[in-house]
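Input: a single structure, listed below in structure tokens.
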Amino acid sequence: MYSIAPAGLATDAIESLTSYLTRLAEAHRVSVQTLLDEKILLLLKPPRTFKYELQSAQSWLAATPEVAKAVECIRRLTLRQDLQNLTLLPWQHQLSTPSVFHNVQPFCPACFEEARNTNTAIYEPLLWALEAVKVCLHHRRYLHFWCTYCGRKQPFLKLETRPGHCAHCGSWLGLELPPFISTEPEELDWHINLAQMLGQRLQAAWLQTNQSSSKAQRSKRAQKPSLTSLLESCYELDETKLAG
Ligand SMILES: [Zn+2]
Ligand SMILES: [Zn+2]
């Protein structure tokens, strides 16, 4: 199979594995469903219940042994060595929160539109999958969850549509949007700061796995909170909000 490079490598907007699978299918001019049926699931031999969870973030992005198996299988097909960084596997054995993902795939219509206009990869960064992340750092605006045309939410793995298109009606999800002016700028800034910290952790993990890092870089990273502690404090914050 083609060994296409994940988008956003070495940045805080590194691609998610579900997004990568969608682009991999497109590169081969087949649907994600065909790619799964004819290549990936043959190697993966998932349990029967898997098909019900096929489109969730948990099945492809979590720090679990099942995701490790899926990554290994896609690595064998593409010969890419950096695919674990498109998931939370670098934090395997550290994350103890039940789930750190949104239930559905959020997206930034302005990012999709810009990518199409500049002829660059239309993709979903791993950062957007994290439940704690509510904003696009590039456009400093809140992420969207619903298709503008049919109003339906987007699954993480879209089995029959191309990147940037609605999984249900097939419409293009990109939109040219005017700069976002928040009525609550402090809240927006808070979300941007949190997303930046989480994005830096994802970026640092890629650099750590794929480049030899200098002592200076290592000590700089050590001073920052880990992805695990950040996500766990976000989870605790949500629990407090629910309890209140
Ligand atoms: Zn954006
Ligand atoms: Zn739609």
Inspect segment 189-208 for any residue being within 30 Å of Gln55 (Cβ to Cβ), of a type in the set (Val, Ile, Thr) and at pLDDT 95 or above and give the result as yes or no. yes
Assuming Ser99 fulfils every condition listed in (1) part of a loop (DSSP other than H, G, I, E, B); (2) over 28 Å from Gly151 (Cα atoms) apart from one, which condition is it? (2)
Can you find even one residue in segment 105-112 that is within 16 Å of ligand 2 (Cβ to nearest atom), hydrophobic (A, V, I, L, M, F, W, C) and either touching an Asp or Glu at 6+ places or on another chain (Cβ under 7 Å) or on the phi > 0 side of the Ramachandran plot (or both)? yes
Between a first residue in segment 134-151 that is in contact (Cβ under 8 Å) with a residue 60 or more places away in the chain and a second residue that is within 12 Å of ligand 1 (Cβ to nearest atom) and of a type in the set (Phe, Trp, Tyr), which pairs have beta carbons less than 7 Å apart while being 6 or more apart in sequence or on different chains? Lys134/Tyr142; Val135/Tyr142
Please work out which residue is nearest to ligand 2 (Cβ to nearest atom), limiting yourself to segment 154-192 and to residues that are β-branched (Val, Ile, Thr) and surrounded by 14 or more Cβ atoms within 10 Å (Cβ to Cβ). Thr161
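Looking only at segment 113-153, count how many residues are among the hydroxyl-bearing types (Ser, Thr, Tyr) and either within 16 Å of ligand 2 (Cβ to nearest atom) or not in a loop (DSSP other than H, G, I, E, B) (or both).
Within segment 113-153, the subset among the hydroxyl-bearing types (Ser, Thr, Tyr) is 118, 120, 123, 142, 148-149.
Checking which are either within 16 Å of ligand 2 (Cβ to nearest atom) or not in a loop (DSSP other than H, G, I, E, B) (or both) leaves us with 142, 148-149.
Matching residues across segment 113-153 total 3.
I need the full set of residues from segment 56-74 which are surrounded by 15 or more Cβ atoms within 10 Å (Cβ to Cβ) and of a type outside the set (Gly, Ala, Ser), in order please. First the steps, then the outcome.
Let us first name the residues in segment 56-74 that are surrounded by 15 or more Cβ atoms within 10 Å (Cβ to Cβ), namely 56-64, 66-68, 70-71, 73-74.
Listed by number, the residues that qualify are Gln58, Trp60, Leu61, Thr64, Glu66, Val67, Val71, Cys73, Ile74.
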Taking into account only those residues within segment 79-120 that are within 16 Å of ligand 1 (Cβ to nearest atom) and surrounded by fewer than 14 Cβ atoms within 10 Å (Cβ to Cβ), which is nearest to the chain's Cα centre (by Cα)? Thr120
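Among the residues of segment 161-181, which ones are hydroxyl-bearing (Ser, Thr, Tyr) and modelled with pLDDT under 95?
Within segment 161-181, the subset hydroxyl-bearing (Ser, Thr, Tyr) is 161, 171.
Result: Thr161, single match.
The values are calculated or read from the model by the stated rules, or taken from the named source; none is laboratory data. If you're wondering where the values come from, they're calculated on a predicted model, not measured in any experiment. Using ideal geometry, Cβ is built from the backbone for each residue, glycine included, and neighbour counts are taken over all protein chains shown.
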